[in-house]
1. Over 32 Å between Cα atoms: which of K201/K297; K244/K353; K236/K275; K184/K297 fall into that group?
2. All other residues with a Cβ under 14 Å from the Cβ of I177 taken together, and with Lys, Arg as +1 and Asp, Glu as -1, what is their net charge?
3. Amide H to amide H, which residues 5 or more places from I333 or on other chains are under 5 Å from it, using H placed in the peptide plane?
4. Just to check I understand the Karplus step: with θ = phi - 60° and J = 6.51 cos²θ - 1.76 cosθ + 1.60, what whole-Hz values come out for segment 123-136, glycine and proline as x?
5. Which value in nm describes the separation of the simple spin-label points at R379 and E253, placed 7 Å from the Cα toward the beta carbon?
6. Of V336, V209, V310, how do they rank once you tally other Cβ atoms within 10 Å and put the fewest first?
7. In a shell of Cβ-Cβ distance under 15 Å around L142, excluding L142 itself, what net charge do Lys and Arg (+1) and Asp and Glu (-1) give?
8. If the label point is 7 Å along Cα→Cβ of K297, which residues in segment 250-286 have backbone nitrogen under 18 Å from it?
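All of the numbers you see were taken from the coordinates with simple rules; none came from a lab. Computed from a predicted structure; not experimentally measured. Glycine also receives a Cβ, built like all others from the backbone with ideal geometry; neighbour counts cover every protein chain displayed.
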Amino acid sequence: MSNLSKVQAKDISEEVVGVLRGTCVSEDVIERAFACSRCGICIDICPKDLNVYDLQQALRCRIMSAGGRDLKFPNLLINGRIWDTNTIDEALVSIQAKPWDRPWVDEIPQNPKAVDTVLFLGCHNRRHVSTISTVVDILKSLQLEFVTVGGGNLCCGTPAQITGRLSDGDKQGSQLISALSRYKPREVIVICPACHYRMEKEISHFCNVPFAIRHVHTTIAERLHKASFVQELDRKVTFHDPCKLGRMSGDYESARTVLREIPGVSLVEMADNRKESMCCGGTAWLYNPDYAERLRKSAMRCAAETGADVLATACLFCHENFSKVSSEYSYEILDVLELLGEGMGVRHENKLKKYATYNNPEKVINEAGAYIDVSSYKRADLLQFLRVFFG
């Protein structure tokens with residue numbers, strides 16, 4: 001593997017342009033393309049005001065289509081069954097909730113009743129059942145009427161884009177907009193920052209989006225005057241700006257507005273915040289974990305330096321990356337909406353977090369048996385899966 005620290009950025013950039021014009025791909029260019037965490041900082045620092053982010057995505061696609069690198073989300077093979085990312089998410093939901101207790105619909109009817117507002121969860125977020133349930137209850141308490149739609153079968157196309165399948169990603173994005181449009185909504189609220197960026201900044205360039213795209217924090221911040229708080233939290237909180245919501249979409253304030261309104265929360269800023277916020281490692285975890293680990297450590301060390309009790313996140317992917325090593329730090333990691341829910345008296349047990357602490361898949365299966373037995377999974381298959389997932 002080449003050492004990019006010894007290669008001038010200008011030389012790499014010239015090679016990248018050459019690749020897109022059809023010249024051969026060097027190892028330096030390949031390594032640079034697959035070290036990208038998709039954080040978007042390249043857009044801000046480019047002296048020529050180029051959208052280097054889009055250039056990087058095109059470059060990775062060109063390299064993979066030429067056979068220079070293969071990039072896939074990790075699948076598991078258990079008892080002859082392939083578990084892809086959607087299957088994994090569905091399996092994790094199945095150990096936390098019965099199908100009829102899910103606070104979302106997985107399939108949109110062809111002719112549903114029209115609604116002004118749709119809450120779209122995205123694909124990966126489904127596994128965080130407690131957080132989703134908290135969000136739904138908070139929005140209801142703020143007197144918002146809406147329909148909640150899960151992901152999985154519906155996707156903005158980001159996973160396909162990440163793995164270089166740009167055409168597939170665009171097709172999925174168009175299908176998502178078409179499906180959500182059946183509700184004839186005035187607005188679609190999203191929880192996932194990647195979905196927000198993808199739908200507002202990318203899909204809108206090749207597909208007519210007949211509704212407004214809003215992040216859930218924006219909606220909540222505007223309706224906080226309707227909130228009823230039941231307790232003070234007495235928490236010193238620092239906030240991590242997710243790349244897609246902050247740097248790439250320009251929303252630095254809505255989450256901070258929410259945090260400041262929670263009684264007992266004292267908000268302290270990291271040295272690197274807003275545009276300077278460090279990435280959690282992003283999608284570099286798929287192909288350059290050493291680099292991703294350095295990014296995560298930088299962000300978490302910056303949070304530790306504030307002396308905060310809580311590192312608040314606004315992206316469940318960031319939340320997972322930080323939580324994996326939370327035992328190494330003195331602060332707790334909570335989603336902004338978990339903190340808001342706590343202040344409002346809206347709490348749902350985080351079964352996924354609890355199960356992870358057991359370090360005992362058999363115990364999880366026994367405790368979640370009532371959920372599993374009404375799911376599409378067999379206990380034996382889930383046991384094998386959990387041994388890998390929590391291993």
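1. Details: K201/K297 29 Å; K244/K353 25 Å; K236/K275 22 Å; K184/K297 44 Å.
Too far apart for the 32 Å limit: K184/K297.
2. Taking every Cβ under 14 Å from that of I177, the sum is +1.
3. L311
4. So the Karplus estimates, Gly and Pro as x, are 6, 5, 5, 4, 5, 8, 4, 5, 5, 4, 4, 5, 4, 4 Hz.
5. Placing both labels 7 Å along Cα→Cβ, they lie 5.5 nm apart.
6. On the way: V336 25, V209 18, V310 21.
Placing the least packed residue first, the sequence is V209, V310, V336.
7. Values: positive: K140, R214, R223, K226; negative: D116, D137, E145, E187, E222, E261.
Neighbourhood net charge equals -2.
8. From segment 250-286, the list is 278-282, 284-286.
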